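The values are calculated or read from the model by the stated rules, or taken from the named source; none is laboratory data. Everything numeric in this text was worked out from a predicted model, so none of it was measured. Here the Cβ positions follow ideal geometry from the backbone for every residue, glycine too, while neighbour counts run over all protein chains shown.
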Amino acid sequence: MSDTRLPPGVSGIHVLPADHHDGPWESIIVPQAAKDRLLGSALLVLRHGRALQALSGPPHGVIVLAGPPGTGKTTLCQGLAQVAAMAVSRRGATTLVEIDPHEFPSEMLGESQRAVRRLFAETLPELAARRPHTVVLVDEIEALAVRRSTASFETNPVDVHRATDAVLDGLDALRRACPHLLLLCTTNFLAAVDEAFLSRADLVLRTALPDEDVVAQILRSSLVELATQWPALEPLAADDSLHVKLAARCRGIDGRRARKLVLSALASRPDLAQEPSRLSADDLVAAIDTETAAGT
């Protein structure tokens, strides 16, 4: 449940596991090895973060997902938070905190630095004290941890450097104070994230545009879901050769767009929108060709 009186920079606070957070982990089609690595990295911190502080090189509790838009980074993070919370639920609930880095002021010298310090020194420790486990999600981390080596002198580089320094200092302090806290970050531009921040990450996972096999799986999954509402579509959902044929026409399409192709087909004509059970393979081909032509 989201809090209506949120601290500065915080866009949402939820308690996990929760039924309405089910689904994202299963819906994203990525190699199982990637999901296993993500879940393993998360559980190691959430379950054993305090004990691991005794190591000379303890984890920072930071996972970064980097890749083009539409490759499922945020959905993976949301799903990861839920499945990790389920795995550790016997030890208590998990707080999910969503951070919007664009809410931090940057127009005044020093304001970003102070706001970031408050986030790491006050807000997150206070939220982490509520429950045994805490997951923090930051989309577009490059807006918060700007790569200082390439910061433009035309965009107030002094404040940029100070704000990034505050992130790094705050991250180190947060790790000592809240070893049970996991920070999940996404970025579309890995080269824009500060090198020192990336060096603190326990895992940097690169997501990529789906290949034809993955697109075929996405199309099949979308049709299967639709067929639960309109059983007349079950033959389309079961036609693996059709899915392969359609996927071959989807070069350059990201996972999010692939998910929406079936809906695009349904919206292509009023009669299909009125009666989705009339959807045909030709409608799907036409929708894909229109989508790929628009993207070129």
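Has the stretch 38-56 got at least one residue that is at pLDDT 95 or above, farther than 23 Å from PHE120 by Cα and of a type in the set (A, V, I, L, M)? Checking the stretch 38-56: at least one residue is at pLDDT 95 or above, farther than 23 Å from PHE120 by Cα and of a type in the set (A, V, I, L, M). Does the stretch 227-236 contain any residue that is assigned to a helix (DSSP H, G or I), over 17 Å from the mean Cα position of the chain (by Cα) and surrounded by 21 or more Cβ atoms within 10 Å (Cβ to Cβ)? The answer is yes, given that some residue of the stretch 227-236 is assigned to a helix (DSSP H, G or I), over 17 Å from the mean Cα position of the chain (by Cα) and surrounded by 21 or more Cβ atoms within 10 Å (Cβ to Cβ).
Within the stretch 10-21, is even one residue surrounded by 18 or more Cβ atoms within 10 Å (Cβ to Cβ), under 18 Å from ALA143 (Cβ atoms) and of a type outside the set (Ser, Thr, Tyr)? Within the stretch 10-21 (the criterion being surrounded by 18 or more Cβ atoms within 10 Å (Cβ to Cβ), under 18 Å from ALA143 (Cβ atoms) and of a type outside the set (Ser, Thr, Tyr)), the answer is yes, since at least one residue qualifies.
Just checking, does the stretch 146-167 include any residue being modelled with pLDDT of 95 or more, among the hydroxyl-bearing types (Ser, Thr, Tyr) and either out of contact with any helix residue (DSSP H, G or I) (no Cβ under 6 Å at 6 or more places or on another chain) or within 21 Å of GLY49 (Cβ to Cβ) (or both)? No, the stretch 146-167 contains no residue that is modelled with pLDDT of 95 or more, among the hydroxyl-bearing types (Ser, Thr, Tyr) and either out of contact with any helix residue (DSSP H, G or I) (no Cβ under 6 Å at 6 or more places or on another chain) or within 21 Å of GLY49 (Cβ to Cβ) (or both).
I'd like to know if the stretch 64-73 contains one or more residues that are in contact with a Leu (Cβ under 6 Å, 6 or more places away or on another chain), within 28 Å of ARG148 (Cβ to Cβ) and part of a strand (DSSP E or B). Within the stretch 64-73 (the criterion being in contact with a Leu (Cβ under 6 Å, 6 or more places away or on another chain), within 28 Å of ARG148 (Cβ to Cβ) and part of a strand (DSSP E or B)), the answer is yes, since at least one residue qualifies.
For the stretch 76-90, does any single residue satisfy the condition of being farther than 23 Å from LEU203 by Cβ, of a type outside the set (Asp, Glu) and at pLDDT 95 or above?
For the stretch 76-90, residues farther than 23 Å from LEU203 by Cβ, of a type outside the set (Asp, Glu) and at pLDDT 95 or above: present.
Are any of the residues in the stretch 123-133 touching a Gly at 6+ places or on another chain (Cβ under 6 Å) and in contact (Cβ under 8 Å) with a residue 60 or more places away in the chain? Within the stretch 123-133 (the criterion being touching a Gly at 6+ places or on another chain (Cβ under 6 Å) and in contact (Cβ under 8 Å) with a residue 60 or more places away in the chain), the answer is yes, since at least one residue qualifies. Here SER221 clears all of (1) closer than 25 Å to LEU76 by Cβ; (2) touching a Ser or Thr at 6+ places or on another chain (Cβ under 9 Å); (3) part of a helix (DSSP H, G or I); (4) assigned by TED's automatic domain parsing to the domain that holds THR71 except the condition numbered (4).
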